[in-house]
Protein chains: 2
Amino acid sequence: MKQLRKTHQREIILEELCANPTHPTADELYERVRRRLPRVSLATVYRNLEILSDLGIIQKIETAGRQKRYDGNPERHHHIRCLHCGRVDDVDMAEDSEFEIKMPERSRHGFRVMDVKVDFSGICPDCEKEARASRSNAH
Amino acid sequence: MKQLRKTHQREIILEELCANPTHPTADELYERVRRRLPRVSLATVYRNLEILSDLGIIQKIETAGRQKRYDGNPERHHHIRCLHCGRVDDVDMAEDSEFEIKMPERSRHGFRVMDVKVDFSGICPDCEKEARASRSNAH
DNA sequence: TTATCTAAGAGTAATAATTTTTATTAAAAA
DNA sequence: TTTTTAATAAAAATTATTACTCTTAGATAA
């Protein structure tokens, strides 16, 4: 078992990820980290995000056909993505009362069900406002 | 508005996709189509799968970080993916009684919620059997 | 039927996000 | 301090998918 080393790069990457409640992509985070470590490599950011999410310290948000995003909060919670600008926000657990998922133990074809992933999509307030503005201009 | 042409390639692609209840990737389907149309191009398969799913004739199964798969059944239903081999199967609608999702109208941050995607993952019967066999060999 | 228009085809090159490789550096153990 | 090897920087590779270019062939009109 190979042991984990505490490197300066890794510390800064984690710090920057946790500093904001946004869910940056690897390259967005890279830009932020670069302000503090100008010689850091994008591959280092990717590698560390991979390691940290494997360890359950952070969370990887994978959405089909889009860049991966990363969440400094490792706790299980759902996300909503803006269909227009791609922005990702948390869906509060308090709202979970409004939806409920009971997993079957086996799917009909005999799969042992181990996890279920719920992803919301919609339009964020900013994009909605923008759309409304351009609509009223057109008329 | 550009009109759709009925081409031989498109017909075969759709036929082959619907022939099996599997959910092939573009290249798997390409191999199948190639047996009937040896000169077909992979790009043609991709283009037609795109067109057909845009029209709602088929369904694109997009899972983060993995190849897209395609489903000849356009009706809304859930899927389960094997974490080991990547195979995708349908989760029957009959089972939907076991889980229920009520969408909130707005997320806490003011997103207008428009859709929710539910993806199951687990271990398929084949991989489970295989795992069991290799475990018993080890002891 | 024949001419015309253009969607769609084949084949290939390009793209983009991510991962791997290689040589070097630096944590941490000895 | 020396040694070990995980982690880094930088570059190259990978891989699925898309775009491009030129050609072919459905569909419509003459």
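The values are calculated or read from the model by the stated rules, or taken from the named source; none is laboratory data. Predicted model only: the values in this text are computed from it and were never measured. Because the Cβ atoms are built from the backbone with ideal geometry, glycine has one as well, and the counts that use them run over all protein chains shown. Areas reflect the complete protein model, heavy atoms only, side chains present, ligands, DNA and RNA absent. Shrake-Rupley method; radii C 1.70, N 1.55, O 1.52, S 1.80 Å.
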Cubic angstrom per residue, convex hull over Cα atoms of chain B
193 Å³
Give me the distance in nm between label points sitting 7 Å out from Cα along the Cα-to-Cβ direction at B:Ile57 and B:Thr7, one decimal.
1.2 nm
Dipole moment magnitude, nearest 20 debye, the range A:1-74 about Cα centre, only Lys, Arg, Asp, Glu C-beta charged
280 debye
Given that compact globular proteins tend to follow 2.2 N^0.38 Å, what is the ratio of the alpha-carbon Rg of the range B:1-75 to that value?
1.03
State the number of lysine pairs found in chain B whose Cα atoms come within less than 25 Å, restricting to pairs 8 or more positions apart or on distinct chains.
8
Placing +1 on each Lys and Arg Cβ and -1 on each Asp and Glu Cβ in chain B, then taking the dipole about the Cα centre, the residue among B:Ile58, B:Leu37, B:Thr22 whose Cα reaches farthest towards the positive end is B:Leu37
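Solvent-accessible area per residue for the protein assembly as shown at a 1.4 Å probe radius, Å²? Before the final figure, lay out each step's value.
Working: 17280 Å² over 278 residues.
Normalised by residue count, the accessible surface of the protein assembly as shown is 62 Å².
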Run the quick spin-label model on B:His109 and A:Glu128: label points 7 Å from Cα toward the beta carbon, then report their separation in nm to one decimal.
1.4 nm
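Can you list the trypsin sites (Lys or Arg not before Pro) in the range B:34-82 that are in a DSSP coil and have 16 or fewer other beta carbons within 10 angstrom?
Numbers: sites: B:Arg34, B:Arg35, B:Arg36, B:Arg39, B:Arg47, B:Lys60, B:Arg66, B:Lys68, B:Arg69, B:Arg76, B:Arg81; in loops: B:Arg35, B:Arg36, B:Arg39, B:Arg66, B:Lys68, B:Arg76.
The qualifying sites are B:Arg35, B:Arg36, B:Arg39, B:Arg66, B:Arg76.
Keeping the other protein chains in place, figure out the carbon and sulfur percent of the accessible area of the protein assembly as shown, with a 1.4 Å probe. If you can, show how the numbers build up before the last one.
Numbers: 8450 of 17280 Å².
Of all accessible area on the protein assembly as shown, carbon and sulfur atoms account for 49 percent.
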For the protein assembly as shown, size of Cβ-based charge dipole, Lys and Arg +1, Asp and Glu -1, in debye:
1320 debye
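Take the Cα pairs of the protein assembly as shown, get the Kirkwood Rh, then feed it into Stokes-Einstein at 37 °C and 0.692 mPa s and tell me D in µm²/s.
Values: Rh = 21.8 Å.
Taking Rh from Cα pairs, D becomes 151 µm²/s.
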